[in-house]
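Novice: First the structure, which I've put down as structure tokens, then a few questions once you've had a look.
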Amino acid sequence: GRVVFSGIQPTGVPHLGNYLGALRQWRKLQDEAAPEDTLLYSIVDLHAITIRQDPAQLKRWKKEMLATMLAIGLDPHRSIIFYQSSVPAHSELMWILSCSASMGYLSRMTQWKSKMSLPDDASPLDTSSKAALKLGLFSYPVLQGADILVHSATHVPVGHDQSQHLEFARELSNGFNHIYGPILSQPTTILSPAKRIMSLKEPTLKMSKSHADPKSRILLTDSRDEISKKIKTALTDSITGVSYDPETRPGVSNLVEIVYHLNDGAAPSCEAIAKDCQDLSIKAFKEMVADCIDAKLSGIRERYYEILNEEGGSGLRRVADMGGMNAAASAEATMEKVRDAVGL
Ligand code: AQP
């Protein structure tokens, strides 16, 4: 059977980009899975600490992410839902893979490369200097590779921003297998149809949890009112009417894409949606977009608060414990072969 693995960082409530690019796809894969398939979905807290986190807040965010995953319909009896840090084999395999990972390859990763323009001579206390960059930020793609390979995953659903890291994971697997024999899997990327949902404020950048302006993203927990306000202030342009052209009209086109993906193929294309709306004013179009988002998210939002409020969180703890145990068993099956091959 297939082994599906994917992860999400507990760095805040997921936004519409996380939902359309990842979480909704996870749910679909669960619903379509054959009985012999295994699905593992991880809350990757070890990745979250590549940036300094407030410990109490990180604990809260982890719990909230778990509640979100259940709210979107992941079933803990069908999918293994777990905290990455509860399975130490992820870190163990990371170390082993680090010993053959290429520094050159890692330094070409987009996220790291984007930091290379920082000034390099300031003091390490200056957080905007190269001197303050952390080893973890450089090497986290190795941990990501370990996350996938430790479960011998065959399929990894991600948004477009992660495809470079998946390529690297295959490289890690190849490198290891070249030395020690065919032990690690060759994971295939499953790109979600909603590859890249853009920021509402800067529609040439992806929607992201860490962007300074909270109005740049729609959260899965946003109320009807918050959704309307954020869409109303979304950056568009001064062209009359609605059309779909991501190059010249990134803001309007992003809204069209959001509607297209939320309706999940009900319309034949983004162009078709734009055509249906072409005579609407931007104001009326935005109201339609907000209605559509609320209609799709309100059920998730209600379940999320129900789950968080029930039994003081003991239900969530049980889910995390069960997921951690099952994930540890899955990882151990690979690790026994890895340790043996390496001579540990
Ligand atoms: N804008 C997006 N459009 C489509 N997919 C997206 N993903 C993230 N942003 C978009 C997908 O969501 C999954 C989980 O992401 P993550 O939280 O682990 O890390 P991220 O990609 O770094 O997400 P953020 O929101 O941008 O967080 P920060 O700001 O903390 O870095 C991944 O599959 C990703 O592709």
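The values are calculated or read from the model by the stated rules, or taken from the named source; none is laboratory data. Computed from a predicted model, the values in this text were never measured in an experiment. Every residue, glycine as well, gets a Cβ built from its backbone with ideal geometry; the counts of neighbours run over all protein chains shown.
For every residue, the table says whether it meets (1) without any contact (Cβ under 8 Å) to a residue 40 or more places away in the chain; (2) closer than 28 Å to Gln9 by Cβ; (3) assigned to a helix (DSSP H, G or I); (4) acidic (Asp, Glu).
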site: Lys209; (1), (2), (3), (4): no, yes, no, no
site: Lys215; (1), (2), (3), (4): yes, yes, yes, no
site: Lys229; (1), (2), (3), (4): yes, yes, yes, no
site: Ser238; (1), (2), (3), (4): yes, no, no, no
site: Tyr244; (1), (2), (3), (4): yes, no, no, no
site: Pro268; (1), (2), (3), (4): yes, no, no, no
site: Glu271; (1), (2), (3), (4): yes, no, yes, yes
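Novice: Taking the criterion of being within 15 Å of the ligand (Cβ to nearest atom) and either closer than 30 Å to Tyr305 by Cβ or buried (at least 18 other Cβ atoms within 10 Å of the Cβ) (or both), would at least one residue in region 174-189 satisfy it?
Specialist: yes
Novice: So, one more: Please verify whether Glu306 is assigned to a helix (DSSP H, G or I) and over 21 Å from the mean Cα position of the chain (by Cα), treating the condition exactly as stated.
Specialist: Details: assigned to a helix (DSSP H, G or I): yes; over 21 Å from the mean Cα position of the chain (by Cα): yes.
Taking the combined requirement at face value, the residue satisfies it.
Novice: On the given criteria, is Leu200 crowded, with 20+ Cβ neighbours inside 10 Å, assigned to a loop (DSSP other than H, G, I, E, B), modelled with pLDDT of 95 or more and within 13 Å of the ligand (Cβ to nearest atom)?
Specialist: It is true that Leu200 is crowded, with 20+ Cβ neighbours inside 10 Å, assigned to a loop (DSSP other than H, G, I, E, B), modelled with pLDDT of 95 or more and within 13 Å of the ligand (Cβ to nearest atom).
Novice: Report those helices (runs of 4 or more DSSP H) wholly inside region 48-148 carrying at least 3 residues which are loosely packed, with under 12 Cβ neighbours inside 10 Å and more than 16 Å from the chain's Cα centre (by Cα).
Specialist: The helices (runs of 4 or more DSSP H) meeting that bar are 103-107.
Novice: Considering every residue within region 286-303, establish whether at least one is touching a residue at least 24 places away in the same chain (Cβ under 8 Å) and farther than 26 Å from Lys206 by Cβ.
Specialist: There is at least one residue in region 286-303 that is touching a residue at least 24 places away in the same chain (Cβ under 8 Å) and farther than 26 Å from Lys206 by Cβ.
Novice: Quick check on Gly159: is it at negative phi and loosely packed, with under 15 Cβ neighbours inside 10 Å?
Specialist: Against the criterion (at negative phi and loosely packed, with under 15 Cβ neighbours inside 10 Å), Gly159 does not qualify.
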